[in-house]
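The values are calculated or read from the model by the stated rules, or taken from the named source; none is laboratory data. Model, not experiment: these values are computed from the prediction. Neighbour counts run over all protein chains shown; Cβ positions are idealised from the backbone, glycine included. Calculation scope for accessible area: heavy atoms of the full protein, side chains included, ligands and nucleic acids excluded. Shrake-Rupley method; radii C 1.70, N 1.55, O 1.52, S 1.80 Å.
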Amino acid sequence: EGFDDWDQPFEMEMDRITMRDDDWWDLHRATPRAFISLQTAEELWKNRFGRYTSIRIAMKDIALPEDRLQILEQRLQESVPAHFELSELDLRIRPVREEGLRAATGANNFGGLFIGFSFFLIVSAVLLASLMFQLGLQQRVAQAGLLEALGFTPGGARRPMKSEGVLLAAAGSACGLLPGVWFADGMIYGLTTWWRGATGTQFLRLDLQPLSLLTAFLIVFCVSVLVILRAVRQITDADPRELLLGGAARIAEQSMGKESAVLSLMTIVSLLSGVVLPPAVLSGAVPAGEAFGGLSWQVVCFFLAGFSWLATFLLLLRRTLRRRSQDLVGGAEAATVRQLAFANAARNPQRSVLTTTMIALATFVIVAVGAGRRNPVSEEPDKNSGNGGFRLVMETSLPVQFDLNTTDGREKLQFGLTPETTLPEQTGVFSFRMRPGEDASCLNLFQTTLPTLLGATDEFIERGGFRFADTPGAAPWQQLREIPASDPKATNGSLPVIPVIGDLNTLQFSLKKKIGDDILFPNEQSPTHALRVIGMLDSSIFQGVLVMSEENLRLLAPETAGGRYFLIEATDAAAADRAALALETALQPYGADAELVSRRLADFLAVQNTYLATFQLLGGLGLLVGTLGLATVMARNVLERRREIAMLRAIGFRGSRITRLILTENTALLVWGLLAGAVSALIAMLPHLRSTGADVPWLELAVTLEVVALVGMVSAVIPIRAALSVTVRDVLTNE
């Protein structure tokens, strides 16, 4: 954040840095402070190799069209090599503008991220819209019956309701455009402030396009119309006699009876899956091998068990309501109130189950996302994990030419160190040659083409380790030793193919590659080799780089000499601290910077955890929408039962007892949904919860669910008070 945070590996006159420098950094970051003339640069930095490191070709005051630029680039590619070999000088002809535009497209589609983050919010809104429209139609179902009785066709009788729904959908979609823009602006503000760990930049701006607004309007309008048309057909799908009698409730009850056998079978299957899968995994009956995407069969089975329990809870609620609607009410006062509450919830089971499902699904997402957070700082080194069993990672600005594991190398390293800063004897150092490239980690928003390349030694390849994802073969590291050979199937013709291994996130999200794909080296315009992906690592320290054998890297980049990237083994945390101090002190002339592997993994996971926090917040909004939907259903239920409430008051029920009756009904459905979603999510995430790196925000999750429960119960009090404020005589006589 400021120059005071610097951990410089060499002596600097820090008193020459003023507040102006800090202000410049806050405003412009790494933007150059000054541009000097070419003549001054030649005088300052010329050496025996020459005066220039790059040549930029541009037309003064002339904007060439794209085809002319391509012709110019092609001529340069043909004519320049005729005078000297580009590879000897490590020169490349690069279309700078094209590369900048391609990089600016970004590695991630934030539009897709916003839709993903808001998915359950959207689903909750659609379900709520369907529920609200059904509530309105149920009071007017006799109108459709009357029109059919007068000679209208079923389609003609439904047409007024459909037209009304289409007009409402159009008006609602149009009214939602402006709040949608505000919501997008708020999301961008959050991604550049509160959640900047996910983007690493504050230079995101809202780009409002008319076509985007039109697309959003059409999508919302079409989805709303489909939901409304389905609601109209479902409510009015009966003969005129049933419709005139207002038989929607009886139709729903009959459909419930027809579905009883199917529901029983589904309940049994989901219950057995939820009960059998966890013990099978814990007992070792399920293999620990990979299923897909880096997920093991054990993790997949626990997810299936979690979803099975969620389905079981909801199916049991549906069966309970269907059975409870036919039972008699009796017993002591407390039992009577409770039975009446369940009987009232069972009067329209479709409403009750739908609102409870909304709450349960949103709760499942919130708890599962919250339980999925990781904190690698608390993880111990494990050879078959993302840290590979290493405690430290170190990079140097200049290559280290001696082997830090040999006696001679240790003597050179220990020269000038004090006994307190010596390197522990059991420290193992694995060095990698490095050819610098683009940052392809998740910390870089821009599109990359060729990341940093690392050359692994034979010792590291023999050691192996790390966790692979979707990678065939028992020993992927050994495949790096393959000698490059021409492959007619390689991209851009027959190019020598070099096997490489990369991190899953780097390949899929930054490079847009998968196993078997080729990455052209050094560029797509004039490639000399094809880097073929043969393996993907799961959440590893190698995020942002590609690993090949040291011999192949020498072939690609002969100028790379010595090691610049190091992975260090240490016996414990104290030994790791001593090793970091010794290496940074002894290798100070090389610009060495050592860092805990867990800390670097935490930086990578900061992006994932930030996305999870964003997803959790928007899932909370979806849960709030579902809770308000439940409150709306309760309000409608109270409105439909005004006569019943008045009768209870007339025979002596107190207002407090009626309030407790309706609150019990509302709270039962609300708590059932919260518990079903939370318990199912915890079962699904049990393998992660048992790991040492789990970092679950229990307090945050508990507060979120408690707030939702409180809002749901308070919102149900309002319609109750409205119903109790009407006199008994007015209700009974008007009804």
So for region 594-608 (the condition being β-branched (Val, Ile, Thr) and surrounded by fewer than 19 Cβ atoms within 10 Å (Cβ to Cβ)), does at least one residue qualify?
no
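Suppose we filter LEU699, LEU682, LEU689, LEU674 for residues that are of a type outside the set (Gly, Ala, Ser), at pLDDT 80 or above, under 24 Å from the mean Cα position of the chain (by Cα) and surrounded by fewer than 17 Cβ atoms within 10 Å (Cβ to Cβ); which single one remains? Steps first, answer last, please.
Details: LEU682 fails: surrounded by fewer than 17 Cβ atoms within 10 Å (Cβ to Cβ); LEU689 fails: at pLDDT 80 or above; LEU674 fails: surrounded by fewer than 17 Cβ atoms within 10 Å (Cβ to Cβ).
It is LEU699.
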Using beta carbons and a limit of 6 Å, which pairs, at least six apart or on different chains, have the first residue in region 1-16 and more than 21 Å from THR585 (Cβ to Cβ) and the second one part of a loop (DSSP other than H, G, I, E, B) and basic (Lys, Arg)?
none
Filter result (under 34 Å from the mean Cα position of the chain (by Cα) and surrounded by fewer than 19 Cβ atoms within 10 Å (Cβ to Cβ)) within region 568-583:
ASP572, ALA573, ASP577
Could you list all residues from region 7-30 that are among the aromatic types (Phe, Trp, Tyr) and open to solvent by 100 Å² or more (accessible area, probe 1.4 Å)?
PHE10
Log entry, pairs with first residue in region 572-590 being touching a residue at least 40 places away in the same chain (Cβ under 8 Å) and under 10 Å from THR422 (Cα atoms), second being of a type in the set (D, E, K, R) and assigned to a helix (DSSP H, G or I), beta carbons closer than 9 Å, six or more apart or on different chains, reads ARG578/GLU420; LEU581/GLU420; ALA586/LYS412
Note: among PRO95, PRO81, just one is open to solvent by less than 70 Å² (accessible area, probe 1.4 Å), closer than 22 Å to TYR52 by Cα, touching an Asp or Glu at 6+ places or on another chain (Cβ under 9 Å) and modelled with pLDDT of 65 or more, namely PRO95
Could you tell me which of the residues MET132, MET187, MET161 is assigned to a helix (DSSP H, G or I) and open to solvent by 50 Å² or more (accessible area, probe 1.4 Å)?
MET132
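When region 649-682 is examined, which residues are found to be over 26 Å from GLY626 (Cβ atoms) and in contact with a helix residue (DSSP H, G or I) (Cβ under 6 Å, 6 or more places away or on another chain)?
Our first condition is that a residue be over 26 Å from GLY626 (Cβ atoms); within region 649-682, this holds for 649-657.
The answer is ARG649, ALA650, GLY655.
For region 614-621, indicate whether the set of residues that are of a type in the set (A, V, I, L, M) and at pLDDT 85 or above is non-empty.
no
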Contact list, first residue from region 430-452 and part of a loop (DSSP other than H, G, I, E, B), second anywhere and hydroxyl-bearing (Ser, Thr, Tyr) and at pLDDT below 75, beta-carbon distance below 9 Å, six or more apart or interchain, is LEU445/THR199; LEU445/THR201; PHE446/THR105; GLN447/THR105
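Looking at GLY155, GLY172, GLY180, GLY145, can you tell me which residue is open to solvent by less than 60 Å² (accessible area, probe 1.4 Å), touching a helix residue (DSSP H, G or I) at 6+ places or on another chain (Cβ under 8 Å) and at pLDDT below 80?
On the way: GLY155 fails: touching a helix residue (DSSP H, G or I) at 6+ places or on another chain (Cβ under 8 Å); GLY172 fails: at pLDDT below 80; GLY180 fails: at pLDDT below 80.
Unique residue meeting the criteria: GLY145.
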Among residues of region 104-129 being open to solvent by less than 30 Å² (accessible area, probe 1.4 Å) and at pLDDT 65 or above, the residue nearest to ILE359 (Cα to Cα) is SER124
Selection count, region 516-571, where residues are of a type in the set (D, E, K, R), assigned to a helix (DSSP H, G or I) and touching a helix residue (DSSP H, G or I) at 6+ places or on another chain (Cβ under 8 Å)
2
Within region 361-384, can one find any residue that is assigned to a loop (DSSP other than H, G, I, E, B), in contact with a helix residue (DSSP H, G or I) (Cβ under 7 Å, 6 or more places away or on another chain) and modelled with pLDDT of 85 or more?
no
In the set ALA144, ALA231, the lone residue that is out of contact with any Gly (no Cβ under 8 Å at 6 or more places or on another chain) and not charged (D, E, K, R) is ALA144
Are any of the residues in region 45-60 open to solvent by 70 Å² or more (accessible area, probe 1.4 Å), outside any helix (DSSP H, G or I), under 28 Å from THR396 (Cβ atoms) and aliphatic (A, V, I, L, M)?
no
Looking at (1) modelled with pLDDT under 75; (2) in a loop (DSSP other than H, G, I, E, B); (3) open to solvent by 90 Å² or more (accessible area, probe 1.4 Å), can you tell me which one ARG33 breaks?
(1)
Only one of ILE55, ILE17 is more than 30 Å from GLN70 (Cβ to Cβ) and among the β-branched types (Val, Ile, Thr). Can you tell me which?
ILE17
Quick check on region 412-448: of everything there that is among the aromatic types (Phe, Trp, Tyr) and at pLDDT 85 or above, which residue is surrounded by the fewest Cβ atoms within 10 Å (Cβ to Cβ)?
PHE430
Tally of residues being over 15 Å from PRO436 (Cα atoms) and open to solvent by 10 Å² or more (accessible area, probe 1.4 Å) across region 520-535:
9
All conditions in (1) open to solvent by 30 Å² or more (accessible area, probe 1.4 Å); (2) at pLDDT below 85; (3) part of a helix (DSSP H, G or I) are true of ASN405 except (3)
